[in-house]
1. For the chain, what % of the accessible area comes from carbon and sulfur atoms, probe 1.4 Å?
2. Just report the Cα centroid separation between region 275-325 and region 130-163, whole Å.
3. With the chain treated as a Gaussian network of Cα nodes joined by springs under 10 Å, which of TYR304, TYR383, TYR348 yields the largest mean-square fluctuation?
4. So if R0 is 45 Å, what FRET efficiency would SER121 and GLU309 give, r being the distance between their Cβ atoms, rounded to the nearest 0.05?
5. Where is the GNM fluctuation largest for the chain (alpha-carbon springs, 10 angstrom cutoff): ILE297, ILE105, ILE281?
6. Among bridges DSSP assigns within region 34-290, what percent are antiparallel (round to 5)?
7. Be a star and scan region 328-342 for residues whose amide nitrogen sits under 19 Å from the point 7 Å along the Cα-to-Cβ vector of VAL10.
8. Using the crude model of +1 on Lys and Arg Cβ and -1 on Asp and Glu Cβ, and no other charge, please compute the dipole size for region 34-290 relative to its Cα centre, in debye to 20.
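The values are calculated or read from the model by the stated rules, or taken from the named source; none is laboratory data. Not measured: the values here are computed from a predicted model. Positions of Cβ are backbone-derived with ideal geometry, glycine not excepted, and every protein chain shown enters the neighbour counts. Please note that ligands, DNA and RNA were not included when accessible areas were found on the heavy atoms of the full protein model with its side chains. Shrake-Rupley method; radii C 1.70, N 1.55, O 1.52, S 1.80 Å.
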Amino acid sequence: MPHFSYQNGVLHAERVALTDIAKQFGSPTYVYSKAALVEHFSAYANACKKNGRNADTALVCYSVKSNSNLAVLHLLSKLGSGFDIVSGGELLRVIAAGGNPRKVIFSGVGKNEEEMRLALSHDILCFNVESVAELHRLNQVAKELGKRAPVSLRVNPNVDAKTHPYISTGLKENKFGIAYEDALLTYRTAAGMSNIKVVGIDCHIGSQLLDDAPLLQALDKVIELVDQLAEEGIVLHHLDIGGGIGITYDQERPVAIGAYLDRLFARVDQWRQRRHNGSPIQVMFEPGRSIAGNAGILLTKVEYLKHGETKNFAVVDAAMNDLMRPAMYEAWHAVQPVLQRTSAVQTYDVVGPVCESGDWLARGRALAIEQGDLLAIMSAGAYGMSMASNYNTRGRAAEVLVDGDRVHLVRKREVPENLFALESIVD
Ligand SMILES: *Cc1c(COP(=O)(O)O)cnc(C)c1O
């Protein structure tokens, strides 16, 4: 994470000392680097450009659920990003952030009627439909509004993404998508519906993929379907390969975005030459983690050091409600002390104050720390704040965006009154 580095023994975000951020905004606080967000988005955008693509032939739709702060969405929107959403709430976020609903694609297995109406009224780019039942509902809702809903079917290419079972989505046993074997039939059904307009095909096989081989395998299977559909006169305008590229949390070496996109576009180009006289098809991506993950850290303070018989604990002011990934997936996040001390290291479990044994952020880490020190939980920009809860009536953390030597508060810390404001007492 080059935008988070030690300068004179103090960990900085770009040119701002994390000690200064803690002084000004308290802790726990999510700290994002604008330069990192720009760099990660640009890796996609530049690879598209390098491969001869423009806005009509490639679109990067940032996965809003990975980090949905308005400032992040606004920044990416200014860079030309589209958005992949999974709820009506996320659509309203995109719009509030100044994003263009015409660049929004709507994924998810459980879209309700209200969400469909909202998305149709804003003329979003595409619904990624995940079942036949959803197709029928969407057709009906569109009819009531006098619209035709643009649709892509999320097919399940049944390739093994070789990642954590909780974040693998492209296998037969997953709840996501339409089975590959059922895809042709479902497309025929969709094409026969009065208020559905078939425009594309999509898949998303999993998350934190380090290798692009499963994605290219999925691409080949999707290409096969596009050709079979073309033979039946169902011509698709776009092909969406989903997100899923991983990041370095520890020692992982994920494929470079540029190399992956080069390989993917080369395959698409060969195919279009071979089968479609070189006519283009728009290619879409839905990256989340690879844009936001290593653009953010969670800044937390050591409240207590507990030295036990078998274990030492660093009890910090961040908890599983702030960063759920360790408790939920046993995810590993690097922990860096903000101040580099020369004192002897000891091994600690870094845990939060929440009343659950599952409330840990890191285990068995060698740290030279004292009570009151600050720690940075690294690689927390994606699926960090967006998964945070209020368990134990803990207000969610503040969020700041660092830009060079400036710090912007982009979400205030929640206070307890916020948390029970919607509740009422019954006598
Ligand atoms: C979560 C999700 C993404 C983003 O995945 P990353 O691994 O963060 O890139 C993309 N598409 C869909 C449908 C998703 O559910």
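1. 49
2. Rounded to whole Å, the Cα centres lie 30 Å apart.
3. TYR304
4. Computed FRET efficiency for SER121 and GLU309: 0.15.
5. For the chain, modelled as a Gaussian network with Cα springs under 10 Å, the answer is ILE281.
6. 5
7. Under cut-off, by backbone N: 336-342.
8. On the way: 29 positive and 29 negative charges, 132 e Å.
Roughly 640 debye for region 34-290.
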